[in-house]
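S.K.: One structure coming up, written as structure tokens, with questions to follow.
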Amino acid sequence: MYTTLITTLVDGIFTITINRPEKLNALNATVFLELDKAIDEVYNTAGIKSAIVTGTGTKAFVAGADITEFDGLSKEQAMALSKTGQDVFFKIENSKKPIVAAVNGFALGGGCELAMACHFRLASDNAKFGQPEVNLGLIPGYGGTQRLTQLVGKGKSMELQMTAALVDASEALRLGLINHIATPENLLEKTIEILKVIQSKAPIAIGKVIECINTAVVNETGKSGYNKEVQAFGDCFATEDMKEGTTAFLEKRKANFIGK
Ligand code: COA
């Protein structure tokens, strides 16, 4: 049914596994389309009580947006891409059924943003988180400027997004970016254990908890922050530095930025 996702339903828990291991599970247009459909399944299937988002393998959860798809995009096309990504991630965030990320390796760029859109996160001890878009002459475009700030605070969010530094699982735990660390072998087991506790509670009450907590962080100011991000992401696509940054990544060399 899906070409880039593997889905399973066991004991009411719907596991969505992003499955492009040869590209470290990078988010291309097909992944976004299919993720959107899979989240619709969560919304509309009575037998699904909760969901897990994870990636194939032990190296990467998701290593970001698929950089090869950035090539040649106009500012307007980039803004549309950002808006589409934001909308899929809003759908995850606003689900009344719990959706938890099991982060099994690199969660970079769009991968970190996907994990942050989930209601909370567990990670394996080899996981690494980051918003390294400035290495590409870019900024996060799928809500990362907003959600990382909500989760770790303004100062740390500024530093991480300006330096492109990666944080390991123990630092992510200390920062509040994740709730638990497990071994790669036990990550799904630990995630399922928590979801089974949640599934034993009143589902309508769980949905209301999600709604109220989201309202605490996504207020009107928050919404304008997301709109600002779409605009700013698009602006970056009109720069020479973005072309240099993405070309340098694909040519496996260091970028030489000029500030234009
Ligand atoms: N988009 C497209 N392709 C990606 C990708 C991405 N975000 N991340 C990794 N890949 C591809 C690589 O190009 C490579 O493909 P190839 O084998 O055809 O050359 C393959 O996945 C394996 O990645 P590679 O870079 O060789 O692995 P590594 O172990 O040396 O490094 C990372 C792992 C995660 C540090 C590195 O892949 C990376 O920095 N990825 C991009 C992270 C990023 O900037 N994300 C934000 C995007 S907005």
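The values are calculated or read from the model by the stated rules, or taken from the named source; none is laboratory data. The shown structure was predicted, so the numbers you read here are calculated from the model rather than taken from an experiment. Virtual Cβ from ideal backbone geometry, glycine too; neighbours counted across all protein chains shown. Areas reflect the complete protein model, heavy atoms only, side chains present, ligands, DNA and RNA absent. Shrake-Rupley method; radii C 1.70, N 1.55, O 1.52, S 1.80 Å.
S.K.: I'd like to know which of G55, L175, G144 lies farthest towards the positive end of the charge dipole of the range 5-199, counting +1 on Cβ of Lys and Arg and -1 on Cβ of Asp and Glu.
M.R.: Farthest towards the positive pole: L175.
S.K.: Would you mind telling me the share, in percent, of accessible area of the chain contributed by carbon and sulfur at probe 1.4 angstrom?
M.R.: Values: 7060 of 12120 Å².
Ligands and nucleic acids excluded, carbon and sulfur reach 58 percent.
S.K.: Take the Cβ-Cβ distance between K254 and M1 as r, set R0 to 41 Å, and report the resulting FRET efficiency rounded to the nearest 0.05.
M.R.: 0.50
S.K.: Straight-line reach only, C-alpha to C-alpha below 18 angstrom: list the aspartates and glutamates that K23 could link to, leaving out same-chain residues fewer than 8 apart.
M.R.: Reachable aspartates and glutamates: E34, D66, E69, D71, E113, E133, E251.
S.K.: Ok, one more. What is the magnitude of the charge dipole of the range 5-199 about its Cα centre, with +1 placed on the Cβ of each Lys and Arg, -1 on the Cβ of each Asp and Glu, and no other charges, expressed in debye to the nearest 20? Present the calculation step by step, with values, prior to reporting the outcome.
M.R.: Numbers: 18 positive and 21 negative charges, 92 e Å.
It comes to approximately 440 debye.
S.K.: Determine ³J(HN,Hα), in whole Hz, for all residues of the range 164-174 in sequence, where each value follows from phi through the Karplus function 6.51 cos²θ - 1.76 cosθ + 1.60 and θ = phi - 60°; x replaces Gly and Pro.
M.R.: Going residue by residue, I get 6, 5, 9, 10, 7, 4, 5, 5, 4, 5, 4 Hz, with x marking Gly and Pro.
S.K.: Taking only the C-alpha atoms, wrap a convex hull around the range 103-260 and report its volume per residue in Å³ as a whole number. Before the final figure, lay out each step's value.
M.R.: Numbers: hull volume 18.7 nm³, N = 158.
Dividing the Cα hull volume of the range 103-260 by its residues yields 119 Å³.
S.K.: Suppose each label sits 7 Å from its Cα in the direction of the beta carbon; what would the V197-M158 distance come out to in nanometres?
M.R.: 3.6
S.K.: Kindly flag which residue pairs out of K128/K260; K37/K196; K59/K254 have an alpha-carbon separation exceeding 27 Å in this structure. It would help to have the intermediate numbers written out before the result.
M.R.: Working: K128/K260 31 Å; K37/K196 24 Å; K59/K254 23 Å.
Too far apart for the 27 Å limit: K128/K260.
S.K.: Sort 186-192, 132-138, 51-57 by packing, meaning the average of other beta carbons within 10 Å per residue, with the highest value first.
M.R.: Working: 186-192: 18.4, 132-138: 21.9, 51-57: 23.9.
Ranked from most to least packed, the peptides come out as 51-57, 132-138, 186-192.
S.K.: Just name one of L33, N256, I194: the one whose Cα is farthest towards the positive end of the charge dipole of the chain (beta-carbon charges, Lys/Arg +1, Asp/Glu -1).
M.R.: I194
S.K.: Send over the per residue convex hull volume for the range 5-199, Cα only, as a whole number of Å³.
M.R.: Details: hull volume 20.3 nm³, N = 195.
It comes to 104 Å³ per residue, whole-number rounded.
S.K.: Enumerate the calculated ³J(HN,Hα) couplings along the range 223-239 in order (Karplus 6.51 cos²θ - 1.76 cosθ + 1.60, θ = phi - 60°), each rounded to whole Hz, writing x wherever the residue is Gly or Pro.
M.R.: Per-residue couplings from phi come out as 4, 5, x, 5, 5, 4, 4, 4, 4, 5, 4, x, 4, 4, 5, 8, 9 Hz.
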